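Colleague: Sharing a structure here in structure tokens format.
The values are calculated or read from the model by the stated rules, or taken from the named source; none is laboratory data. Note that the structure is a prediction, hence the values are computed from the model and not measured. Here the Cβ is made from the backbone with ideal geometry for all residues, glycine too, and neighbour counts use every protein chain on show.
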Amino acid sequence: MFSFSLPVSSEGGDTSFQNNVPDPVTSGDELPTFKFELERSTGRVLGGSYGKEATVSQLPISKGIAGVSMRMEPGIMRELHWHATAAEWAFVTEGRVRTTVIDPQGCAETNDFEPGDIWYFPRGHGHVIETLGEKPCHFILVFDNGYFSEFGTFSITDWIGHAPKELLAKNFGLPASTFDSFPKEEVYFARGKIPPAVPQPPLQGWKAPPLTHKHSLLSQKPFETFEGGIEWRVEAAQFPISSTMTGVVLEMEPGALRELHWHPNAAEWQYVLSGQLSVTLFGSKGRWRQEVLNQGDVGYIPQGFGHSIENLGADKARILIVFNSGHYQTIDLSQWIAGNPVDVLSTNFGQDPSVFEGFPRKDVFMTK
Ligand SMILES: [Fe+2]
Ligand SMILES: [Fe+2]
């Protein structure tokens with residue numbers, strides 16, 4: 001059997017490759033779909049707040065990475081919880097958000113986020129997410145395990161609600177009656193007052209962790225600017241706590257192409273922030289598939305599979321891309337060809353050597 005929930009190392013993405021067992025989802029005669037219309041799905045709804053998810057249940061190819069679109073109204077809190085089988089990487093798209101996260105050393109950090117900011121919570125670290133201010137917030141959560149479901153998190157009310165009151169009384173050194181009116185079932189979205197503008201100190205006082213859980217991605221200088229657009233990128237080198245995930249935002253001009261390439265060390269999870277994109281997938285043995293992704297759609301590229309992204313629209317498009325490795329690696333087709341001598345290329349393609357004189361001498365990455 002292929003792996004179910006093997007830990008994902010910071011060195012590589014899907015460790016199931018090490019078993020050399022073919023993945024039945026991607027080893028058939030045809031490539032399966034790699035697109036899921038996330039924002040068109042229903043998910044879990046509470047009034048104007050929701051969580052919509054893309055796991056292997058919705059998108060079977062996406063074994064390495066799962067994602068969630070979450071919107072929360074003012075005064076809504078995604079309650080204290082942890083994820084037993086995945087780290088959480090997030091990108092804020094609208095509104096303002098506050099998180100508080102605990103680590104195994106008892107250090108806690110509270111951070112406020114705006115659009116373009118990201119957070120990373122290591123697997124198993126407890127956290128809470130609150131909407132700040134009078135406007136709703138929206139963010140995309142990405143998990144380094146495609147089998148992980150947001151609706152299978154370990155929530156504090158679920159736990160306390162199912163523990164005997166006497167046990168809780170002993171645990172906290174309080175009368176059992178303290179817990180009489182605590183929720184009996186998982187709350188998931190808690191509703192309350194709008195949080196204070198300045199975060200209040202934890203019960204234990206401030207005790208900051210050595211590494212921050214927050215990184216401002218879009219407010220930074222782009223990682224690189226190309227003929228056809230802009231790339232922002234954050235990996236563990238810039239955001240050390242994010243040891244198992246890398247994030248990229250590509251802004252692509254009309255007609256721009258993120259060239260044919262593959263990632264040796266990671267699977268790729270895509271979410272279209274704006275615009276309409278054509279994504280192609282190459283899977284050996286002549287297998288080729290193209291999907292058109294619109295705003296709010298998710299795409300998934302298995303580790304090592306060839307792919308490209310092209311802006312089909314008349315306006316700029318933006319795509320959020322997350323990898324299940326803290327180290328970014330790519331091999332672009334133009335770079336691969338540029339790394340070979342003309343005689344090799346000439347023989348390989350059965351062409352006159354002069355054909356290759358016009359090929360790029362370096363990596364193209366993005367063009368239009
Ligand atoms: Fe979470
Ligand atoms: Fe890619």
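Colleague: Are there any pairs with C-beta distances below 6 angstrom linking a residue in the range 245-270 that is part of a strand (DSSP E or B) to a residue that is of a type in the set (Phe, Trp, Tyr) and more than 12 Å from ligand 2 (Cβ to nearest atom), with the two at least 6 apart or on different chains, and if so which?
Modeller: Taking only residues 6 or more apart or on different chains, the pairs are Val249/Trp232.
Colleague: Kindly provide the set of residues from the range 97-113 that are outside any strand (DSSP E or B) and free of Cβ contacts under 8 Å to residues at least 60 places away in the same chain, ordered by number. Before the answer, list the steps.
Modeller: In the first step, residues of the range 97-113 are kept if they are outside any strand (DSSP E or B); the result is 103-107.
Listed by number, the list holds a single entry, Pro104.
Colleague: I want to confirm something. Restricting to the range 128-148 and keeping residues that are surrounded by fewer than 24 Cβ atoms within 10 Å (Cβ to Cβ) and away from ligand 1 (no atom under 14 Å from the Cβ), which single residue is farthest from Pro74 (Cα to Cα)?
Modeller: Going through the qualifying residues, I end up with Tyr147.
Colleague: Could you tell me which numbered condition Ser284 fails, if it satisfies all but one of (1) at negative phi; (2) modelled with pLDDT under 95?
Modeller: Here Ser284 clears every test but (1).
Colleague: What number of residues within the range 321-365 are among the aromatic types (Phe, Trp, Tyr) and more than 19 Å from Gly304 (Cβ to Cβ)?
Modeller: Qualifying residue count, the range 321-365: 3.
Colleague: For the subset of the range 208-236 comprising residues that are without any contact (Cβ under 8 Å) to a residue 40 or more places away in the chain and more than 16 Å from the chain's Cα centre (by Cα), which member is surrounded by the fewest Cβ atoms within 10 Å (Cβ to Cβ)?
Modeller: Lys221
Colleague: Further question on the same structure: Within the bounds of the range 42-49, is there any residue that is more than 16 Å from the chain's Cα centre (by Cα), at negative phi, at pLDDT 95 or above and within 14 Å of ligand 1 (Cβ to nearest atom)?
Modeller: No, every residue in the range 42-49 fails to be more than 16 Å from the chain's Cα centre (by Cα), at negative phi, at pLDDT 95 or above and within 14 Å of ligand 1 (Cβ to nearest atom).
Colleague: Which members of the range 119-162 meet the condition of being in a helix (DSSP H, G or I) and at pLDDT below 95?
Modeller: The first filter runs over the range 119-162 and keeps only residues in a helix (DSSP H, G or I), leaving 150-152, 156-162.
Passing the criteria: Glu150, Phe151, Gly152.
Colleague: Let me confirm something: among Val322, Val298, Val364, which residue is within 16 Å of ligand 1 (Cβ to nearest atom) and closer than 29 Å to Ser242 by Cβ?
Modeller: Answer to the check: Val322.
Rundown of residues vs (1) away from ligand 2 (no atom under 16 Å from the Cβ); (2) aliphatic (A, V, I, L, M); (3) under 30 Å from Glu231 (Cα atoms), yes/no style:
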| site | (1), (2), (3) |
| --- | --- |
| Tyr147 | yes, no, yes |
| Gly161 | yes, no, no |
| Glu185 | yes, no, no |
| Ala208 | yes, yes, no |
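Colleague: Looking only at the range 80-96, filter to residues that are within 12 Å of ligand 1 (Cβ to nearest atom) and assigned to a strand (DSSP E or B); which one of those is farthest from the chain's Cα centre (by Cα)?
Modeller: Of everything passing the filter in the range 80-96, Leu80 is farthest from the chain's Cα centre (by Cα).
Colleague: A follow-up question, please. Can you list residue pairs whose Cβ atoms sit under 6 Å apart, with the first residue in the range 74-90 being among the basic types (Lys, Arg) and the second being within 11 Å of ligand 1 (Cβ to nearest atom)? Count only pairs 6 or more apart in sequence or on different chains.
Modeller: Arg78/Ile129
Colleague: Within the range 271-284, restricting attention to residues that are touching a residue at least 24 places away in the same chain (Cβ under 8 Å) and outside any strand (DSSP E or B), which residue is farthest from the chain's Cα centre (by Cα)? Give the derivation first.
Modeller: Taking the range 271-284 first, the residues touching a residue at least 24 places away in the same chain (Cβ under 8 Å) are 271-283.
Checking the rest, the ones that are also outside any strand (DSSP E or B) come to 275, 283.
Numbers: Gly275: 19, Gly283: 23 Å.
The residue in question is Gly283.
For (1) loosely packed, with under 15 Cβ neighbours inside 10 Å; (2) small (Gly, Ala, Ser); (3) not assigned by TED's automatic domain parsing to the domain that holds Glu227, each residue gets a yes or a no:
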{"position": "Asp315", "(1), (2), (3)": "yes, no, no"}
{"position": "Ile321", "(1), (2), (3)": "no, no, no"}
{"position": "Thr330", "(1), (2), (3)": "no, no, no"}
{"position": "Ser334", "(1), (2), (3)": "no, yes, no"}
{"position": "Gly350", "(1), (2), (3)": "yes, yes, no"}
{"position": "Gly358", "(1), (2), (3)": "yes, yes, no"}
{"position": "Lys362", "(1), (2), (3)": "yes, no, no"}
